[in-house]
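Q: My questions will all concern the structure given below.
The values are calculated or read from the model by the stated rules, or taken from the named source; none is laboratory data. Everything quoted here is computed from the prediction, not taken from an experiment. We place every Cβ from the backbone using ideal geometry, glycine too, and count neighbours over all the protein chains shown.
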Protein chains: 2
Amino acid sequence: MTSRIQGARQRARGEITNAIKDEARRHLADEGASRLSLRAVARELGMVSSALYRYFPSRDDLLTALITDAYDAVGAAAEAALAEAESAGDSHLVRWRAVCRAVRAWGLAHPHEYALIYGSPVPGYAAPASTTRPASRVALALLSVLRDAHTSGALREPASGAAAPEAVLKDAELLAEHLGVELPPAVLAEVVAAWSQLFGLISFELFGQFTKVVDARDAFFDHAVEHLADQVGLRR
Amino acid sequence: MTSRIQGARQRARGEITNAIKDEARRHLADEGASRLSLRAVARELGMVSSALYRYFPSRDDLLTALITDAYDAVGAAAEAALAEAESAGDSHLVRWRAVCRAVRAWGLAHPHEYALIYGSPVPGYAAPASTTRPASRVALALLSVLRDAHTSGALREPASGAAAPEAVLKDAELLAEHLGVELPPAVLAEVVAAWSQLFGLISFELFGQFTKVVDARDAFFDHAVEHLADQVGLRR
DNA sequence: CACTGACGAGAGCGCTGCTCTTGCATCGGA
DNA sequence: TCCGATGCAAGAGCAGCGCTCTCGTCAGTG
């Protein structure tokens with residue numbers, strides 16, 4: 001029963017690790033990422049600060065864990081919204097809107113975690129490679145809407161007048177492999193653009209740039225998302 | 001000659017204030033906003049840390065000064081690009097693109113100052129009212145392009161199929177007064193949306209979300225900006 | 001049962017933002 | 001021309017920070 005005993009140890013360790021992250025998230029909401037204090041977290045947990053280093057080798061590693069969790073949370077929210085829209089038999093346009101709304105709703109509910117992942121990158125901090133997969137979940141959800149629309153012929157050709165750049169993306173084949181289907185490069189480029197613009201809308205709302213500017217924010221957001229859907233070629 | 005002597009004092013004070021801000025900007029580029037250290041700035045200037053408090057009552061006030069300066073710098077860049085395009089007799093579409101390009105170029109040249117104003121808001125920090133005017137200069141530049149296009153009849157009606165929200169903005173009259181001309185509310189809403197999406201494009205590029213995704217970034221940006229122009233009703 | 005390894009506690013280092021007091025130079029009015 | 005007021009820099013000091021190292025202790029292992 002070696003494994004079970006070791007399991008007990010690791011379970012205890014996992015629980016404490018989670019308690020630390022939960023407390024850190026609470027402090028994040030109170031003070032923001034740059035004021036997050038290991039000592040304060042430890043104090044709140046009844047530990048001494050040095051004990052915390054048994055679980056996270058540095059403050060930045062704790063932040064990395066929070067970042068990964070946040071990417072996973074927003075990605076899961078987007079995927080859940082997509083799955084629900086799919087099982088309801090919604091149109092591709094409605095699915096697109098559902099994903100966009102889910103991302104915005106998650107951001108409104110967790111503004112500090114949103115700022116952690118979509119705000120300024122932390123100073124000397126470079127996101128480790130382990131964050132790239134969670135970070136791409138929202139984009140993949142959007143892309144899979146487009147993929148399904150494409151295979152079912154519901155996608156307008158994005159020859160929207162302006163010369164659509166062809167080879168602006170890296171690794172289009174890798175993406176195609178991941179999605180299981182090849183999307184026209186122009187469509188891929190449009191989706192990436194729409195993806196970044198979606199977060200522009202959400203970030204400006206969350207970071208206060210819409211204060212004293214935008215009033216009916218739900219309607220405003222939905223309207224802009226409609227434009228983005230049009231831009232990527234989803235039929236109205 | 002009271003005023004001249006006091007002027008000398010204030011001139012010395014102004015010079016030191018600028019030296020502090022310059023040194024702080026240098027540290028900003030090295031370390032990022034949250035690691036900006038008053039003591040390090042003072043050390044570099046051959047002062048003792050406490051002397052710095054004669055010029056800025058707190059670290060946050062120094063940051064506020066840098067934020068205001070950054071808003072003014074990017075606003076000035078946008079306005080300069082617009083003025084040049086106007087004097088060259090460029091079309092409204094080309095003026096629009098010129099402003100967008102100028103904002104992106106400024107961001108690429110000053111990534112840390114960009115992050116300071118368009119990244120996550122500093123923790124407990126609420127931007128004082130004095131920053132709102134500098135912060136709106138880019139948006140006003142974009143709006144003035146639209147105003148001129150509107151008055152010269154070069155603006156397509158933004159009845160782009162989807163129900164354009166009418167009353168999503170606050171203070172539409174105040175804006176109209178500032179611009180000297182009334183733009184249809186629907187156009188105003190489209191411009192605000194395009195404005196935020198523009199910064200989504202730039203932020204994702206600067207904050208590293210395009211790493212391993214987008215290759216030909218100039219072309220990618222120009223193409224997206226073309227879409228935004230279309231969205232706000234500028235004729236192609 | 002003896003042992004190893006994980007763990008928490010505590011002291012301590014150098015740094016931070018910020019405050020308060022002190023001494024000095026300069027400026028303005030008598 | 002002298003004197004009081006004012007602006008300014010320096011220094012000491014406080015509490016807090018991230019992080020390191022050492023040292024008992026106790027639980028799981030062979």
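Q: Filter region B:1-39 down to the residues that are within 14 Å of chain A (Cβ to nearest Cβ) and within 13 Å of DNA strand D (Cβ to nearest atom), then identify the one that is modelled with the lowest pLDDT.
A: B:34
Q: Hey, another quick one. Consider region A:49-60. How many of its residues are surrounded by fewer than 16 Cβ atoms within 10 Å (Cβ to Cβ) and more than 8 Å from DNA strand D (Cβ to nearest atom)?
A: Qualifying residue count for the region: 2.
Q: Of all residues in region B:100-118, which are among the aliphatic types (A, V, I, L, M) and more than 10 Å from the chain's Cα centre (by Cα)?
A: The answer is B:102, B:105, B:108, B:109, B:115, B:116.
Q: Among the helices (runs of 4 or more DSSP H) contained in region B:1-114, which hold 3 or more residues that are small (Gly, Ala, Ser) and within 12 Å of DNA strand C (Cβ to nearest atom)?
A: B:2-31
Q: Just checking, which of A:114, A:125 is buried (at least 22 other Cβ atoms within 10 Å of the Cβ) and either within 10 Å of chain B (Cβ to nearest Cβ) or at pLDDT 95 or above (or both)?
A: Exactly one residue qualifies, and that residue is A:114.
Q: Scanning for something within 16 Å of DNA strand D (Cβ to nearest atom) and closer than 25 Å to residue B:115 by Cβ, does region A:66-83 turn up at least one residue?
A: Yes, region A:66-83 has at least one match.
Q: Among the listed residues A:194, A:139, A:162, identify the single one that is within 11 Å of chain B (Cβ to nearest Cβ), modelled with pLDDT under 85 and within 20 Å of residue B:214 (Cβ to Cβ). Working first, answer last.
A: Details: A:194 fails: modelled with pLDDT under 85; A:139 fails: modelled with pLDDT under 85.
Residue meeting the stated conditions: A:162.
Q: Select from region A:210-236 the residues that are within 30 Å of residue B:128 (Cβ to Cβ) and more than 7 Å from chain B (Cβ to nearest Cβ) and list them in ascending order.
A: Across region A:210-236, the qualifying residues are A:210, A:211, A:217, A:218, A:221.
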